[in-house]
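A.B. asks: Please read through the structure below; I'll follow up with questions.
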Amino acid sequence: MVVVKKLIVIFSIIGTICIILGVLWLIYGRIEVKLIGDEKILATYNEEYHDPGFIITKNDKEMDKDSYEVITNNDIDITKLGEYHLSYDIKYHFLSFHLERIINIVDDVKPDINVSLESIKRDYCTKKDKDKLEYTIIDNYDGDITDKAVVEEVDDNYIINVSDTNGNENTLSIPIVLTEKPKDVFKLNGNSTVYVTTNSKYSDSGVTYTDGCGNKLNDKVNTVNNVNTSKNGEYTVTYSVGNNKLTRKVIVYTPSNTSNTGSGSGKVIYLTFDDGPGVYTEKVLNTLAKYNVKATFFVTHQFNGYVPLIKKEYEAGHSVAVHSYTHNWNIYKSVDAYLNDFNKMNNDILKYTGNYSKIFRFPGGSSNTISRNYSKGVVKAIASKMLNDGYQYFDWDVDSGDAAGASRSKIYSNVVNGAARCSKCIVLMHDIKPNTVNELDNILKTLTSKGYKFGTLSVNSPTVHHAIAN
């Protein structure tokens, strides 16, 4: 009986305990508390830190956040590198839990390299950069570290390398792109048609052949020249580089003679052409070359695209002189205005001939009266200053009349008859007048047949000065 009573007490106690445990199970269930993520986390310097937090489950089901209390403690400073601690103290009814995580604030960000261009252009010929490599480097920890960059050229790329204080490195490659290879230049020197008198010596002007960078390659040119000056006719000089060909026509001729040959022997005629270079100037040069006649060109900058023909005039042996840059009458408003225009034109002459000219012709001639509308006595003042400074101006004593619109036949008679009567024979023509250009061959044929000689003007040539009217 005693044993039975003891067993009853024991079972009673066990039953009570089971009842208590059952009640506790109903209240608390199976509680699990754990951190989300690792116990140790790396966080980036100066970037807001977001902790993954923790999770509480009851019987494998996440608990409502309102069912427990949480106190969070941390000493994290994202602006300073180092190790920090974050803890969670959680209370659920009579239960308490403590979680702790270690956060290391580190600088793990590479410096940011910013460039102004995605590629750098390099000149094919000079091998010099056409663009400047410009860049800035900003680091999240060090700030501006542009001056710490190391730039190298490797295999047609600029390589920018940089490392910050905490060992984070960055590299950026900027391609170097060559500009397109310029085309080779293959061109004739001098005129494409040349006139040579019978039994004279023919010296060919040749060609210029360069690569696109200006390096001479004339040794690669094959030239075929069968010109025979002992026999009149039309010849062709051929220049070739591979499949590229250029040709020059050479015409050997005997100047025509008439019964008047020699009647003008000893007289020198100075042919002058004003107002160009222009669209007809090259034809004038070819006609002059046909008769081996040299002339003087009083040039302007009126026709911009033709100004480079000054070089051709000079290289053909003609004299190049100043007429006017603008050929505008308002250059007569003052001496300074005239000189400004004069010097601009003379700079053009220097550019294409290598020398300044010491001779000039007044627009309208020194006797023009239009200048009176701009400044009284200005032409006289200009003439005085220029002569004192060593310059010389030239008017004319034979006027072709082409400026006034004379016909071809009238231009011919004005020049040919004027040449017979003149004393110094400075002939005024214009290489921008088609009637003059088209009649020039007939004029030269007649003048050369009469035995006249031809000259170019210089500062020491005999002068023709009209009476200054202003």
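The values are calculated or read from the model by the stated rules, or taken from the named source; none is laboratory data. Just so it is clear, the model here is predicted, and its values are computed rather than measured. All Cβ positions, glycine included, derive from the backbone under ideal geometry; neighbour counts span all protein chains shown.
A.B. asks: Give me the residue from segment 169-198 that is assigned to a loop (DSSP other than H, G, I, E, B) and in contact with a strand residue (DSSP E or B) (Cβ under 9 Å, 6 or more places away or on another chain) and, out of that set, modelled with the lowest pLDDT.
C.D. replies: Filtering first and then ranking leaves Asn191.
A.B. asks: For residues that are in a loop (DSSP other than H, G, I, E, B) and of a type outside the set (Lys, Arg), tally how many sit in segment 435-469.
C.D. replies: Selection size over segment 435-469: 17.
A.B. asks: Are any residues in segment 400-434 in a helix (DSSP H, G or I) and basic (Lys, Arg), and if so, which ones?
C.D. replies: Arg408, Lys410, Arg421 - these are the residues of segment 400-434 that are in a helix (DSSP H, G or I) and basic (Lys, Arg).
A.B. asks: Every residue in segment 291-305 that is outside any loop (DSSP other than H, G, I, E, B) and surrounded by fewer than 22 Cβ atoms within 10 Å (Cβ to Cβ), please.
C.D. replies: Listed by number, the residues that qualify are Asn304, Gly305.
A.B. asks: Yes or no: segment 144-154 includes at least one residue that is assigned to a loop (DSSP other than H, G, I, E, B), loosely packed, with under 13 Cβ neighbours inside 10 Å and touching a Phe, Trp or Tyr at 6+ places or on another chain (Cβ under 9 Å).
C.D. replies: Checking segment 144-154: not a single residue is assigned to a loop (DSSP other than H, G, I, E, B), loosely packed, with under 13 Cβ neighbours inside 10 Å and touching a Phe, Trp or Tyr at 6+ places or on another chain (Cβ under 9 Å).
A.B. asks: Just one of Phe342, Phe273, Phe303, Phe362 is touching a Pro at 6+ places or on another chain (Cβ under 9 Å) and either touching a residue at least 12 places away in the same chain (Cβ under 8 Å) or not hydrophobic (A, V, I, L, M, F, W, C) (or both); which is it?
C.D. replies: The unique qualifying residue is Phe303.
A.B. asks: Determine which member of the set Tyr158, Tyr141 is at pLDDT 90 or above and in a loop (DSSP other than H, G, I, E, B).
C.D. replies: Testing whether each residue is at pLDDT 90 or above and in a loop (DSSP other than H, G, I, E, B) leaves just Tyr141.
A.B. asks: Further question on the same structure: How do the pairs read when you match residues in segment 208-227 that are free of Cβ contacts under 8 Å to residues at least 24 places away in the same chain with residues anywhere that are basic (Lys, Arg), using Cβ under 8 Å and keeping only pairs 6 or more apart or on different chains?
C.D. replies: Thr208/Lys187; Thr208/Lys216
A.B. asks: When segment 370-399 is examined, which residues are found to be part of a helix (DSSP H, G or I), polar (S, T, N, Q) and in contact with a helix residue (DSSP H, G or I) (Cβ under 7 Å, 6 or more places away or on another chain)?
C.D. replies: Ser371
A.B. asks: Which one of the conditions (1) surrounded by 16 or more Cβ atoms within 10 Å (Cβ to Cβ); (2) assigned to a helix (DSSP H, G or I); (3) not aliphatic (A, V, I, L, M) does Ser357 fail to meet, given that it meets all the rest?
C.D. replies: With (1) surrounded by 16 or more Cβ atoms within 10 Å (Cβ to Cβ); (2) assigned to a helix (DSSP H, G or I); (3) not aliphatic (A, V, I, L, M) applied to Ser357, the lone miss is (2).
A.B. asks: If you don't mind, there's one more thing I want to ask. Output the residue which, of all residues in segment 155-173 that are touching a Leu at 6+ places or on another chain (Cβ under 9 Å) and surrounded by 17 or more Cβ atoms within 10 Å (Cβ to Cβ), is farthest from Asn114 (Cα to Cα).
C.D. replies: Ranking the qualifying residues of segment 155-173, first place goes to Tyr158.
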